[in-house]
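Peer 1: Got a structure for you, written out below as structure tokens; questions coming shortly.
The values are calculated or read from the model by the stated rules, or taken from the named source; none is laboratory data. Keep in mind that what you see is a predicted model, and the values were worked out from it rather than measured. Using ideal geometry, Cβ is built from the backbone for each residue, glycine included, and neighbour counts are taken over all protein chains shown. The protein model used for the area step is the full one, side chains on, heavy atoms only, and it has no ligands, DNA or RNA in it. Shrake-Rupley method; radii C 1.70, N 1.55, O 1.52, S 1.80 Å.
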Amino acid sequence: MIDVMYDLSILDAIKYQNPTSLETYKINPSQYIFKKYKVDSAQFAQSNIYYASNYRDYKEMYDELIKRIESKKIVLDSLVMREDKKKAKLQADSLKRIKVTPIKEDSLLLRKSKLIKKRKDTLAIQ
């Protein structure tokens with residue numbers, strides 16, 4: 001039952017984090033879980049009622065579920081951090097390859113003066 005609830009939790013997290021991902025792959029979380037564990041919705045509901053009827057057992061099951069999720073979270077966080085570092089390094093490397101030609105201050109002043117002159121000419125015509 002813990003495995004079923006763990007997988008449901010992961011799929012629910014995916015659904016709320018990125019709703020289009022499940023739609024893109026046409027995955028119905030409940031149907032996927034039922035098929036994977038060879039149960040139907042009635043069997044799952046009956047099992048859930050059975051475990052829920054004993055508060056202590058149900059709490060222990062949820063505590064185990066939380067431990068499992070937390071342990072996976074630590075691993076996934078470290079993988080995400082590693083991936084972010086790779087992306088940052090690639091971006092920094094690509095920025096180094098870009099050749100930037102500095103604009104001379106004189107050319108900026110020349111452009112600005114041309115714009116001012118053009119505006120004055122336009123205003124004088126009106």
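Results for (1) in contact with a helix residue (DSSP H, G or I) (Cβ under 7 Å, 6 or more places away or on another chain); (2) open to solvent by less than 90 Å² (accessible area, probe 1.4 Å); (3) under 25 Å from L76 (Cβ atoms), shown as yes or no for each residue.
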position	(1), (2), (3)
D7	yes, yes, yes
P19	no, yes, yes
Y37	yes, yes, yes
N48	no, yes, no
Y55	no, no, no
E64	yes, yes, yes
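Peer 1: Can you name the helices (runs of 4 or more DSSP H) wholly within segment 1-96 that have at least 1 residues being touching a residue at least 40 places away in the same chain (Cβ under 8 Å) and not basic (K, R)?
Peer 2: Working: elements: 2-17, 19-24, 29-36, 41-52.
Here the list reads 2-17, 41-52.
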